[in-house]
Amino acid sequence: MTNRFWRIDRRPEGTDFASALTLVEAPLAPLAEGEIRIRNSHLSMDAGTRMWLTAREDGYQPPLPLGIAMTGLVLGEVVESRAAGFAPGDLVRAFGQWADVSTVDAVMSGAIVLDPSVADRRAWFGPLGMNGWTALWGVEQTGAAKPGERVLVSAAAGATGILAVQIAKLLGCEAWGIVGGDSKWRYLKHEIGVTGVVDYKGSNPGAQLDVAGGFDVYFDNVGGPLLDQVLTRMNHYGRIAVCGLVADYTSGTRTAPREFDQVLMRRLRIEGFFSPDFMHEGPALTARLRAWHEAGELVMPYDVTRGLKNALTAYAKLFTGANIGKVIVELDT
Ligand SMILES: NC(=O)c1ccc[n+]([C@@H]2O[C@H](COP(=O)([O-])OP(=O)(O)OC[C@H]3O[C@@H](n4cnc5c(N)ncnc54)[C@H](OP(=O)(O)O)[C@@H]3O)[C@@H](O)[C@H]2O)c1
């Protein structure tokens, strides 16, 4: 049996993924002990994976070697198993390959069997997945947001950010978002119901932030020049939870805040956090997220692209800001 997959041939420049990745076909090797085979129904597009495509060795994950399949979170049914606890027909999520079929070591890939009764399985990528865990952890633990505090989230109409603003609200905070563009502004304000939104692509984002007033928590998905704008508008003893630095991922820049002295002047705490560090908390985080999701209090719009061959178009949306909510590739199964 052969399998189509996206092979990494070169390190991409910017968002030119077509020159770097190639859709190829190869026979499937026999399963090794401990491995499972997943027929992927959905691929999760995650901005953080862009860093794995660079050659940098000092990231939180080593670079993906050239010549292998692109790695990312996948969702699908087990079709073959040589791993205890996994049987054909199980719905699973794992770090697999951008492919029709993923072959993974069940332990190393973090594969977990999912409850098939969740009505929309895509939720296992969004509210009930890594984005949900990250948003909840970042707001509550790293950001230490308290009821009544003012929480600002960047890339707030993206998968992680849209959950972070809603979770801030659910925890009794006043939620604000930073987004790029008017349609995202309206979505966040009118559909999600945040207190206020700043459009950083609109006129004078600094003045928009001034109107908003000071913030106690900044859940930052972006870094770059926006971080400077926010540093000068944090309340004293505020917390900055550094979730991601998407402003750097395709430009190759490194965020180096000019306004760093505000950390002392305003007695701020800045702390990065990374979801694999709290993977063991996954079941407890999922239980809380699921209760909110099933009550209709935690929603996620999906930006769905059909077909493995269109994966690169879907992926690029994360870096051009073309998405509202979770970007997913739906495969023909
Ligand atoms: N720490 C962790 O464990 C963890 C886990 C998951 C995700 N993350 C981080 O969360 C962030 C969001 O990831 P995601 O997968 O959920 O993607 P996403 O938010 O769905 O999509 C990325 C969004 O980033 C914004 N963006 C892109 N380039 C930008 C730039 N130069 N300046 C400002 N905004 C820009 C775009 O929205 P606009 O139109 O608003 O610009 C885009 O929609 C990433 O930084 C990622 O690394 C971290």
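Rule-based calculations on the coordinates, nothing more; no lab input. As the structure is a computational prediction, the values presented were derived from the model and not from experiment. Note: ideal-geometry Cβ built from the backbone for every residue, glycine included; neighbour counts use all protein chains shown.
Things to note:
- Total formal charge among the other residues, if their Cβ is under 15 angstrom from that of residue 148, Lys/Arg +1 and Asp/Glu -1: 0
- Excluding same-chain neighbours fewer than eight residues apart, the lysines reachable from residue 309 by a Cα-Cα span under 17 Å are 317.
- Ranked by how many other Cβ atoms sit within 10 Å of their own Cβ, fewest first, the residues 79, 194, 222 fall in the order 79, 194, 222.
- Size of electric dipole in the chain: Cβ of Lys, Arg +1 and of Asp, Glu -1, about Cα centre, debye, nearest 20: 460
- Pairs beyond 26 Å (Cα-Cα), from 169/326; 146/189; 146/201: 146/201
- Volume per residue of the convex hull around the Cα atoms, evaluated for the chain, comes out as 128 Å³.
- Remark: the stretch 130-276 carries a charge dipole of roughly 80 debye about the Cα centre, counting +1 on each Lys and Arg Cβ and -1 on each Asp and Glu Cβ.
- Radius 15 Å from Cβ of residue 139, net charge of other residues (Lys, Arg +1; Asp, Glu -1): -2
- Taking other C-beta atoms within 10 Å as the exposure proxy, 249, 302 rank 302, 249 from fewest upward.
- Remark: the stretch 93-104, residue by residue, has Karplus-estimated 3J(HN,Hα) of 10, 7, 7, x, 10, 6, 7, 5, 10, 9, 10, 9 Hz, where x stands for each Gly or Pro and the curve is 6.51 cos²θ - 1.76 cosθ + 1.60 at θ = phi - 60°.
- If both residues of a DSSP beta bridge must be in the chain, then about 55% of such bridges are antiparallel.
- For the stretch 130-276, alpha-carbon Rg relative to the globular expectation (2.2 N^0.38 Å, N residues): 0.93
- Ordered by the number of other Cβ atoms lying within 10 Å of each residue's own Cβ, fewest first, 133, 52 fall into the sequence 52, 133.
- Positive minus negative residues near residue 169 (Lys, Arg vs Asp, Glu; Cβ under 15 Å): -2
- In the stretch 1-158, the C-alpha radius of gyration followed by the widest Cα-Cα span (Dmax) gives 17.5, 57 angstrom.
- Inter-centroid distance (Cα atoms) of the stretch 48-103 relative to the stretch 221-274, Å: 30
- Placing unit charges on each Cβ (+1 for Lys and Arg, -1 for Asp and Glu) gives the stretch 237-333 a dipole about its Cα centre, and among 318, 251, 263 the Cα reaching farthest toward its positive end belongs to 263.
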